[in-house]
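One structure is given here, and the rest of the page talks about it.
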Number of protein chains: 2
Amino acid sequence: MPTLYQDASKLLRAQGGRMTNQRRLILQILDSVSGHPTAEELCDLVNECDPSLNLSTVYRTLRWLESEGLVSTRRFLEDNRQERFDPALPSEHHHFMCSECKQVIEFDHPYVDEIRNQFEENSGSQVQNASLTFYGLCEECAEKKKET
Amino acid sequence: MPTLYQDASKLLRAQGGRMTNQRRLILQILDSVSGHPTAEELCDLVNECDPSLNLSTVYRTLRWLESEGLVSTRRFLEDNRQERFDPALPSEHHHFMCSECKQVIEFDHPYVDEIRNQFEENSGSQVQNASLTFYGLCEECAEKKKET
DNA sequence: TTCCGTGCAAAATGTTTGCAAGTCG
DNA sequence: CGACTTGCAAACATTTTGCACGGAA
């Protein structure tokens, strides 16, 4: 599986763009990160290596990746002020967020495609993208609640 | 089924709040509206009756309703700058949004609960809320695309 | 050397808040 | 009357943009 860095390099070459140090760093961090960082969180990580790298550069890079379909964006309910960036394609997995500790668990389930197919048949529309999100209490936080 | 207006009146009485003209109007419009308006869209509707009613009052009323669990909020991908308000409880239905004409179709499907139950068993977590959203082309927009 | 990309500061957007004035009960 | 609400303007948080300078090809 090609990394984001490899995909992006190829694309840049193809469209006459340039692989700058800033882009390289952002891409490497995106490849190494797990989860769904906000632009600011990403910028903080990036700044540990290059403190002068600016938040607008992070945004510009993320938006470019988004427009090329290399990252997807989402917002979780509890947390919806900031956009989160997912270095994976949409529809590849779905999410559970714990309302208490905010941890995100990714999952997948064949029934999602099932629902999608039936919805397409019933409505005549074409579904390109599906996003299922659960909210609730994760195992640990549910335990803690019981104790009190 | 009680209207939002009725539910809200009862709550206001219970907690010593006041049913002002502004709240009455906002609630009535919420009861009559279909779809998932933004605060600003709602304010425009409200202003047709009372042009002096301010956007902050709309926000304050919506946030209060949200905190009482009488409306839920969501953001659609294509459109994610503004929050949308749903005068119905979460998990009561799911959504399809057409990327072309932005219309929203609501639907429901028993498999969502199925997925949820299985996820709860596998992960040990408690799911309180589920939100499934499809994006794609509605029947009409898909037809139009074919023609060209 | 030539554009493309960057940092910076300012603008834009959406939402929240402080406060004086108004109103419901 | 007195607490709760409102309108307004200002504050806030997040994201985008214009521009002069710097760096990859």
Kirkwood Rh for segment A:1-62 from C-alpha pairs, in Å, is 11.9
Report, to the nearest 10°, how far helix B:21-32 tilts away from the longest principal axis of the Cα atoms in chain B, using its own Cα long axis and a range of 0 to 90°. 30
³J(HN,Hα) computed for each position of segment A:123-130 - Karplus, 6.51 cos²θ - 1.76 cosθ + 1.60, integer Hz, glycine/proline x: 9, x, 8, 10, 8, 9, 7, 10
For the protein assembly as shown, the fraction of alpha-carbon pairs in successive 10 Å shells from zero, as %: 5, 22, 28, 27, 14, 3, 0
Residues meeting the amide H criterion for A:Gln128 (H placed from the backbone, H to H distance under 5 Å, 5 or more places apart or on another chain) are B:Tyr135, B:Gly136, B:Leu137
Ranking A:Thr38, A:Ser125, A:Ile105 by how far each Cα lies towards the positive end of the charge dipole of segment A:1-134 (+1 on Lys and Arg Cβ, -1 on Asp and Glu Cβ), the top one is A:Thr38
Log entry: pair-distance distribution for chain B, C-alpha pairs binned every 10 Å from zero, whole % per bin is 10, 33, 31, 20, 7, 1, 0
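Between B:Asn21 and B:Glu139, what length in nm is gained on full extension when 0.36 nm per residue of separation is reduced by their alpha carbon distance? Before the final figure, lay out each step's value.
Values: separation 118, 0.36 × 118 = 42.48 nm, distance 4.16 nm.
That works out to 38.3 nm of additional length.
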Against the longest principal axis of chain B, how steep is helix B:4-14, in degrees 0 to 90 to the nearest 10, with axes from Cα atoms? 50
Relative to 2.2 N^0.38 Å, what does the C-alpha radius of gyration of segment B:91-148 come to as a ratio? Two decimals please. 1.50
Taking H placed 1.01 Å from N in the peptide plane, check which residues at least 5 places from A:Phe107 or on another chain put their amide H under 5 Å from its amide H. A:His94, A:His95, A:Phe96
What aspartates and glutamates sit close enough to B:Lys145 to cross-link, taking a C-alpha to C-alpha distance under 16 Å and skipping anything fewer than 8 places away on the same chain? B:Glu100
Search the structure for amide H atoms under 5 Å from the amide H of B:Asn54, placed 1.01 Å from N in the peptide plane, and list their residues when 5 or more places away or on another chain. none
GNM result for chain A, Cα springs below 10 Å: residue of A:Leu65, A:Leu89, A:Leu12 fluctuating most strongly: A:Leu12
When the Karplus curve 6.51 cos²θ - 1.76 cosθ + 1.60 is applied with θ = phi - 60°, which whole-Hz ³J(HN,Hα) does each residue of segment B:77-88 get, with x for Gly and Pro? 3, 5, 9, 7, 5, 9, 6, 10, 10, 10, x, 8
Please identify, among A:Leu30, A:Leu132, A:Leu45, the residue showing maximal mean-square fluctuation in a Gaussian network model of chain A using a 10 angstrom Cα cutoff. A:Leu132
The local net charge around A:Thr3, scoring Lys/Arg +1 and Asp/Glu -1 for residues other than A:Thr3 whose Cβ lies under 14 Å from its Cβ, equals +1
Tell me, what HN-Hα J-couplings in whole Hz come from the Karplus equation 6.51 cos²θ - 1.76 cosθ + 1.60 at θ = phi - 60° for each residue of segment A:136-147, using x for Gly and Pro? x, 10, 6, 3, 4, 5, 5, 4, 4, 4, 4, 4
With N set to the number of residues, divide the alpha-carbon radius of gyration of segment A:27-111 by 2.2 N^0.38 Å and report two decimals. 1.13
Enter the angle in degrees (range 0 to 90, nearest 10) between the Cα long axis of helix B:39-49 and the first principal axis of the Cα atoms of chain B, meaning the one along which they spread out most. 50
Would you mind checking segment B:1-41 for residues with the amide N under 12 Å from a putative spin-label position 7 Å along Cα→C-beta of B:Leu55? B:39-41
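A short reminder: the numbers here are calculations on the coordinates, not readings from a lab. Everything numeric here is computed off the predicted structure, so don't read it as measured data. No Cβ is skipped: glycine too gets one built from the backbone with ideal geometry, and neighbour counts run over all protein chains shown.
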